[in-house]
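Student: Before I ask anything, let me first share the structure, which is written out below as structure tokens.
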Amino acid sequence: MNIRNLLHRVLVAAGACAVVAPALAQAPFVDVGKQPPITIVTPSAPWYPAFEKTVDLYEKQTGNKVKLDVTPFVGILEKMRNAVRSGQSPYDLLMINSPNTVEFYEGGFLTPLKEIDASFDVPKEVFSYGDSGWWNAQKRWRTANGGQLMAFTPLGNVQLLHYRGDVFRQAGLAPPKTWQDVLAACTKLSDPPKMYGFVARGERGNGIRYDWHSVLMAEGGDVARNAEAGDFTVIINSPQAKNALDLFIELMKKCAPPNYGSLGQGDVIQLLATGKAAMADVVVAATASFDDPAKSAVVGKVDTVPLPAGRGGARGAAIGNWNTAVPKNLPDAQKKAALAFSRWFLSYGAQRAFAEAGGIPNRSDVYTSDLAKLPAYRWFPAYLETQKFAAQDLGYAEGSQIDQILGLRLNQALIGEMSSGKALNAAAREIEELFRKNGRKTGSLPPLPE
Amino acid sequence: MELVNRTFRHWSLVPAVLLFAVLTLYPTVNLVRMSVSTIEFTQGGEAWSFTPLRNLALLRADEVVPPAVRNTLLFVVAAVTIEMALGLGLALLVAGVTRGKGLIRTVMILPILVPPVAIGSMWKLLYNYDFGVFNQALVALGLPPANWLGSTSLAMWSVVAVDVWHWVPFVFLILFAAVEALPVDVLEAARVDGATRPQLLRRVILPLLRPAIVVALLFRTILAFKVFDEVYLLTSGGPGTSTELITLHLYKVFFEQNQLGYGALLSLALIAAILAVLLVGGQGVRVARA
Amino acid sequence: MSEVAVDAVEVPRRAAAAFTPAHRGVLGAALLVLALAAVLGPFAWILTTSFKYQIAIYSGEWPFTPTLANYADVLFGRRSDFVANVTNSLVVASASTAIVLVVATLAAYSLHRFRWPRWVTGALLGWTLVFHMIPVMTLIGPWYVAFRALGLYDTRMALILTHVTINLPMTLWLMRAFFAEVPPEIEEAALVDGCRPLQAFRRVTLPLVVPGLIASGILAFIFSWNEFPIALSLTSRELATVPVAIARFAQQYETQHGQMAAASIIATLPAVLLMALGQRFIVRGLTLGAVK
């Protein structure tokens, strides 16, 4: 927690509470006045219909027009790049996926939100999602500490451990709290090919890297020693990282289907939805689909808990959130209109409406509201708990390259092409070379035994 | 009208040249410029610096390139050979049909009508380990299910199979059109002269089809080098590096990692590789015929 | 000129006689049926997938309870403008095919018939071929910038022009190959008979390459119809084409197979229809002028 947040909380506690609470009850929405029409580029995602409904509500309430350019996921990055690099951006609000945020921040393509309106602030109830919306240009790091507010999170995806509540109850097992629990439970419940104890992504690339990163965090590992402070010594081949990789491989080999080396998120969801998986690492965006009879054979049977802890008791969950920002190449009136919509969208009323339509809200007060009591939202407690320890995974400019290096080496270790030690050593070598080429202060650990 | 006829020679060529030149000049010059530069994005703009040696060093140091080149060559040779053989065979076969040629042609081109993104996704379902149709059929026959996309030895062939399904219609279409355009009098004269069918095939039909076969082979090869959507959707280059193709790597470098300069150089290297393969292939055919 | 009669029924029969030996008829037929089954199989599977709920697709259910929900979502869903997308694709593909056929056929004939210096032929053919090798993703950036500067961003014209450009190499080379099949004596005879070059081309040569025109036209149409990266970057929601619309079903974490299958089936129908009609139109239009 930094000074800013602390001061804010002190102020609220000191006297603002009495004013804030009734205000919340009376006016959950925000009045933003008349604004010119804006265009938002948004990915085609399971939560898009919910977003669209919420935008409809905005249009109805305020009379301001919003156009949604819904784009395939594979194409949205390219469209945004083109938009910010050209004369005037056709989009007033961008939706940048977390791994790509540094590229846009460093490129100077965005206008810091407070430059458009100094009084704009992200409400304190909104989760910080690891400060992915803040950019400290000097440190080249995403942090609110000395950073500028560049974006807010409309949709914060994290993975939760989804498990078959009915299967666990029948076997007399409690939901797992540590990765060792997961291993014990999955070995007990595995009955291939009828039931696989645990499934996660093993496919080469971002798939395996993202799923494994949470295990790495839980075991106390990381890629660089202290990137925020500028120390880019590569520690991906630490003993902790090796533990994490060995654990992951053991889980997949013992409890996942034989094609674990090519499982994607779609495959994982498919296995859980058809009733063939007892536990699965799934993004919260897909949770609602397990209660849809058109999409799932296990309606009402899938429960969630936060991702488990590692041996040292630390928990880890990698955040994969979208970030909404305003491009620089826009006239002022458009920027103000974009910010007005953002203000409205971050209000309690809007977020609750978003949740009711099937989206994933970003405010803690929605998670503690009466919605949490409904069975359709039984994942709320797990999500709220996860926000306590969830962190951004690769916050550097080299993020996507590291994602690919690790994505290849991890997959090779998983399918047995090389030992876990060799894979991590190779990854460490390549990542160190990458940092060195980019002028970072870097070094390496002694290599692991191969 | 007289002027039109006299200048027909020129005005028949000019539109193509003009259109093509205008639309291709800028992108091509841009590509070459990028390949010798490093482009960084700062302060909302682009900063170009001239770094040909650095880009070349990146190419040399890139560990993914050698397996990618190997895989791409293997893929191209396997896929194109099978497609040419099947396409030619089918074209000759369908030529012997008297009625319903149009219908057969319409059916045969269906695979290329489906958008590549749909082909990749649908075949991924077909190859699905637990629920895919192929494994369901294998299990029903009492055989063990196959790890179509998750086994390093099988994945490449699964991808080749999809490519064959997708592109045999392309070869078929071209060669069938060529077969239909064969001068009937020549064929009949040869038959009257007493040529047997294999002789007819080898001495008359195939030589007449040569220009079309060359074009089909040429463009199929180039397209095979450029294949992207299906592989991306089916395997993303995995497992390991067993289906890593140059275009996938290029996509990651140019697009995901945003390394425009090195990516441009990689594209030029790809073009050089294609040209090399075509030249070697062309020479090989010339030697074989002599 | 009257010897060169394009008889729609007689020629195929005589040509077929050159190909099918009597004793191999059964084997040939069996192979043909096998080939058609291999082509249609996955296609039929896509058709059944389009009528299934997601869970039925996931579990490979057979038999299954059919539903029209996927088609409803594709055609009438809120995030979907599929009818508009199909219209866009039809317009762009038809226009770009028509343009590229005219431009490339004329150029191919010119290169073939009129003795241009070798460097001209080599330059044009070589340049188009090399350009065809360039990965499309490297072309999008400059084209985006150029069209945006010209005010043509997010217009059908931009798509048509770029599609003509990427289809020109193949159409040029293909038509050249088909012109090469025409015996030069036929054209010589026409010129001796008193035809001007343009007339010789239109009345004599062109009807003889009708199969080639059909093939090239079909391919150009298909490549334009299925083109994805350029359409994605140069259009926004209203002008998006069919592949872009279908790609919306391939989402970040999972694919909506049912809708994608439904969209694919709907997408192939107009293309098939247009091609069936197009074939007949071209044949009829050209043969009318040939038979004296």
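The numbers here are math on the coordinates, done by the rules we state, and not lab data. Predicted, not measured: the structure shown is a model, and the values here were computed from it. When we count neighbours, we look across all protein chains shown, and the Cβ atoms used for this are built from the backbone with ideal geometry, even at glycine.
Student: To two decimal places, what compactness ratio does chain B give when its Cα radius of gyration is scaled by 2.2 N^0.38 Å?
Tutor: Values: Rg = 23.6 Å, N = 290, 2.2 N^0.38 = 19.0 Å.
Dividing the Cα radius of gyration by 2.2 N^0.38 Å gives 1.24.
Student: Please give the Cα centre distance for the range B:42-100 versus the range A:280-338, rounded to the nearest Å.
Tutor: Their Cα centres are 36 Å away from one another.
Student: Suppose the chain between C:Ala29 and C:Glu61 were pulled fully straight at 0.36 nm per residue; how much longer would it get relative to their current alpha carbon spacing? Provide the component values of the computation, followed by the final result.
Tutor: Details: separation 32, 0.36 × 32 = 11.52 nm, distance 3.30 nm.
Once the chain is fully extended between C:Ala29 and C:Glu61, it gains 8.2 nm.
Student: Next up: Taking the Cα of A:Ala137, stepping 7 Å toward and past its beta carbon, and measuring to each backbone N in the range A:94-110: which are under 14 Å?
Tutor: Inside the label zone: A:104-110.
Student: I need the Kirkwood Rh of the range B:1-151: take the reciprocal of the average 1/r across all distinct C-alpha pairs and report it in angstrom.
Tutor: 22.6 Å
Student: Just add up the charged neighbours of A:Ser98: K/R +1, D/E -1, any other residue whose Cβ is under 12 Å from the Cβ of A:Ser98.
Tutor: On the way: positive: A:Arg142; negative: A:Glu103, A:Asp131, A:Asp393, A:Asp403.
Local charge sum for A:Ser98: -3.
Student: Using DSSP to define loop residues, name the chymotrypsin sites (Phe, Trp or Tyr not before Pro) in the range A:386-441 whose beta-carbon has at most 16 other beta-carbon atoms within 10 Å. Could the numbers behind the result be given before it?
Tutor: Values: sites: A:Phe389, A:Tyr396, A:Phe435; in loops: A:Phe389, A:Tyr396.
Here the chymotrypsin sites (Phe, Trp or Tyr not before Pro) that fit, given the DSSP loop and packing criteria, are A:Phe389.
Student: Sticking with this one: Taking square-rooted eigenvalues a ≥ b ≥ c of the alpha carbon gyration tensor, is the range C:10-290 rounded, prolate or oblate, where a/c under 1.5 means rounded and, failing that, a/b exceeding b/c means prolate? Intermediate results must be reported in sequence, preceding the final value.
Tutor: On the way: a/c = 2.46, a/b = 1.37, b/c = 1.80.
Oblate is the answer for the range C:10-290, as a/c is 1.5 or above yet b/c matches or exceeds a/b.
Student: Continuing with this model, one more query. Between their Cα atoms, which of A:Lys253/B:Lys226; A:Lys53/C:Lys52; A:Lys65/A:Lys124 are more than 29 Å away from each other? Before the final figure, lay out the partial values.
Tutor: Numbers: A:Lys253/B:Lys226 35 Å; A:Lys53/C:Lys52 26 Å; A:Lys65/A:Lys124 27 Å.
The answer is A:Lys253/B:Lys226.
Student: Now a separate question. Using only atoms on other chains, find how many Cβ atoms lie within 10 Å of each Cβ of peptide C:239-246 and report the average. Before the final figure, lay out the partial values.
Tutor: On the way: counts 0, 4, 1, 2, 6, 5, 4, 7.
The per-residue average across the peptide is 4.
Student: Here is a follow-up. So, in nm, how far is label A:Ala314 from label A:Asp246 when the simple model puts each one 7 Å beyond its Cα toward the Cβ?
Tutor: The answer from the label model is 1.8 nm.
Student: FRET efficiency for B:Gln136 and C:Arg78, Cβ-Cβ distance as r, R0 = 30 Å, nearest 0.05? Write down the numbers at each step before the final one.
Tutor: Working: r = 35 Å, r/R0 = 1.17.
With R0 = 30 Å, the Cβ-Cβ based efficiency is 0.30.
Student: Got a sec? Which residues in the range A:291-316 would a label at A:Asp166 touch, if it sits 7 Å along Cα→Cβ and we count backbone N under 19 Å?
Tutor: Once the point is set 7 Å along Cα→Cβ of A:Asp166, A:291-305 turn out to lie under 19 Å by backbone N, inside the range A:291-316.
Student: Here is a further query. Over the range B:65-243, what is the relative contact order in whole percent, taking alpha-carbon pairs under 8 Å and six or more residues apart? Mind dumping the intermediate values first?
Tutor: Numbers: 168 pairs, mean separation 67.8, N = 179.
So the answer I get is 38 percent.
Student: Another question about this same structure. So how far apart, in nm, are the two label points at A:Val299 and C:Met157 if each is 7 Å from Cα heading toward Cβ?
Tutor: 5.3 nm
Student: Return one number: the angle in degrees, 0 to 90 and rounded to the nearest 10, between the long axis of the Cα atoms of helix A:332-345 and the longest principal axis of the Cα atoms of chain A.
Tutor: 60 degrees
Student: Greater than 23 Å separation of Cα atoms is the criterion. Which listed pairs, A:Lys139/A:Lys422; A:Lys60/A:Lys335; A:Lys194/A:Lys295; A:Lys242/A:Lys437; A:Lys335/B:Lys252, meet it? Walk me through the intermediate numbers first.
Tutor: Working: A:Lys139/A:Lys422 32 Å; A:Lys60/A:Lys335 21 Å; A:Lys194/A:Lys295 19 Å; A:Lys242/A:Lys437 26 Å; A:Lys335/B:Lys252 32 Å.
Over 23 Å apart, Cα to Cα: A:Lys139/A:Lys422; A:Lys242/A:Lys437; A:Lys335/B:Lys252.
Student: So how do A:315-324, C:120-129 stack up, highest first, on mean other-Cβ count within 10 Å? Can you show the working numbers first?
Tutor: Values: A:315-324: 24.1, C:120-129: 16.1.
Packing order, densest peptide first, comes out as A:315-324, C:120-129.
Student: Sticking with this structure for a sec: Which whole-number percent is the relative contact order of chain C (Cα, under 8 Å, 6+ apart)?
Tutor: On the way: 265 pairs, mean separation 94.6, N = 292.
Relative contact order here is 32 percent.
Student: Averaged over its residues, how many other protein chain Cβ atoms are within 10 Å of peptide B:179-187's Cβ atoms? Provide the component values of the computation, followed by the final result.
Tutor: Details: counts 4, 8, 11, 6, 7, 10, 4, 2, 5.
Taking all residues of B:179-187 together, the mean is 6.
Student: If packing is taken as the average count of other Cβ atoms within 10 Å, what order do A:437-449, C:149-161, A:286-298 fall into, highest mean first? It would help to have the intermediate numbers written out before the result.
Tutor: Numbers: A:437-449: 14.2, C:149-161: 17.0, A:286-298: 19.2.
In decreasing order of mean packing, A:437-449, C:149-161, A:286-298 become A:286-298, C:149-161, A:437-449.
Student: Sticking with this structure for a sec: Quick one, what does Rg over Rh come out to for the range A:166-315 if you take C-alpha atoms and the Kirkwood Rh?
Tutor: 0.99
Student: Give the shape of the range B:146-290 as rounded, prolate or oblate, defined through the alpha-carbon gyration tensor: a ≥ b ≥ c are the square roots of its eigenvalues, a/c under 1.5 means rounded, and otherwise the shape is prolate if a/b is larger than b/c and oblate if not. Before the final figure, lay out the partial values.
Tutor: Values: a/c = 3.00, a/b = 2.08, b/c = 1.44.
The shape class here is prolate.
Student: Using only DSSP helix segments of four residues or longer, with each worth -39500 (n - 2.57), what per-residue ellipticity at 222 nm results for chain A after dividing by its residue count and rounding to 500?
Tutor: -12000 deg cm²/dmol
Student: Further question on the same structure: Which residues does a label at B:Leu25 reach in the range C:114-157, if reach means a backbone N under 11 Å from a point 7 Å past the Cα toward the Cβ?
Tutor: The answer is none.
Student: Please work out the FRET efficiency for the pair A:Glu115 and B:Glu46, using the Cβ-Cβ distance as r and a Förster radius of 30 Å; give the result to the nearest 0.05. Write out the running numbers ahead of the final one.
Tutor: Details: r = 22 Å, r/R0 = 0.75.
Calculated value: 0.85.
Student: How compact is the protein assembly as shown by the rule of thumb for globular proteins, expressed as Cα Rg over 2.2 N^0.38 Å?
Tutor: Working: Rg = 30.6 Å, N = 1032, 2.2 N^0.38 = 30.7 Å.
Taking N as the residue count of the protein assembly as shown, the ratio is 1.00.
Student: Let me ask something else about it. What's the ranking of B:207-220, A:371-384, B:49-62 by average number of surrounding C-beta atoms within 10 Å, highest first? Don't skip to the answer; put the middle values down first.
Tutor: Details: B:207-220: 20.0, A:371-384: 16.1, B:49-62: 13.9.
Those peptides, ordered most packed to least, come out B:207-220, A:371-384, B:49-62.
Student: Another question about this same structure. Taking chain C as the reference, fit the longest principal axis to its C-alpha atoms, fit the long axis of helix C:156-180 to the helix C-alpha atoms, and give the angle between the two in degrees, 0 to 90, nearest 10.
Tutor: Between the helix axis and the principal axis of chain C, the angle is about 40 degrees.
Student: Put a dot 7 Å past each Cα toward the Cβ at C:Thr87 and B:Gln199; how far apart are the dots in nm?
Tutor: 6.2 nm
Student: Further question: Per residue, how big is the convex hull of chain A when only Cα atoms are used? Give it in Å³. Mind dumping the intermediate values first?
Tutor: On the way: hull volume 65.6 nm³, N = 450.
Spread over its residues, the Cα hull of chain A gives 146 Å³ apiece.
Student: If the only charges are +1 at each Lys and Arg Cβ and -1 at each Asp and Glu Cβ, what is the size of the charge dipole of the protein assembly as shown around the Cα centre, to the nearest 20 debye? Can you show the working numbers first?
Tutor: Details: 88 positive and 74 negative charges, 235 e Å.
So the dipole magnitude of the protein assembly as shown works out to roughly 1140 debye.
Student: With angles folded into 0 to 90 degrees, how steeply does helix A:48-62 sit against the dominant principal axis of chain A? Use alpha carbons for both and round to 10.
Tutor: Tilt relative to chain A: about 10 degrees.
Student: Determine the distance separating the Cα centre of the range C:217-278 from the Cα centre of the range A:396-437; give it in Å without decimals.
Tutor: Their Cα centres are 37 Å away from one another.
Student: Which trypsin sites (Lys or Arg not before Pro) from the range A:168-215 combine a DSSP loop assignment with at most 12 other Cβ atoms within 10 Å? It would help to have the intermediate numbers written out before the result.
Tutor: Values: sites: A:Arg169, A:Lys177, A:Lys188, A:Lys194, A:Arg201, A:Arg204, A:Arg209; in loops: A:Lys177, A:Lys194, A:Arg201, A:Arg204.
Those satisfying the criteria are A:Lys194.
Student: Run the numbers on chain A and let me know its relative contact order in percent, using alpha-carbon pairs under 8 Å that are six or more apart. Please report the intermediate quantities before stating the final value.
Tutor: Numbers: 835 pairs, mean separation 111.6, N = 450.
Once divided by the residue count of chain A, the mean separation gives 25 percent.
Student: Something else: Please give the calculated 222 nm ellipticity per residue for chain B, where each DSSP H segment of at least 4 residues contributes -39500 (n - 2.57) and the sum is spread over every residue; nearest 500 deg cm²/dmol? Don't jump to the answer; show the numbers that get you there.
Tutor: Working: 15 runs with 199 residues, N = 290.
Rounded to the nearest 500, it is -22000 deg cm²/dmol.
Student: Which of C:Leu219, C:Leu27, C:Pro42 sits closest to the plus end of the dipole of the range C:10-290, meaning its Cα is farthest towards the positive end, when Lys and Arg get +1 and Asp and Glu get -1 on the C-beta?
Tutor: Farthest along the dipole direction, towards plus: C:Leu219.
Student: What is the diffusion coefficient of the range A:115-200 in µm²/s, taking the Kirkwood radius over Cα pairs and the Stokes-Einstein relation at 10 °C with a viscosity of 1.306 mPa s?
Tutor: Numbers: Rh = 16.7 Å.
Roughly 95 µm²/s, to the nearest whole number.
Student: Give me the inter-chain shielding for B:250-259: mean count of other chain Cβ atoms within 10 Å, whole number please. Intermediate results must be reported in sequence, preceding the final value.
Tutor: Numbers: counts 3, 2, 6, 2, 4, 9, 9, 8, 8, 2.
Neighbouring Cβ atoms belonging to other protein chains average 5 per residue here.
Student: Once you compute Rg and the Kirkwood Rh from C-alpha atoms, what is the Rg to Rh ratio for the range B:200-243?
Tutor: On the way: Rg = 16.9 Å, Rh = 12.9 Å.
With Rh from the inverse mean 1/r over Cα pairs, Rg/Rh is 1.31.
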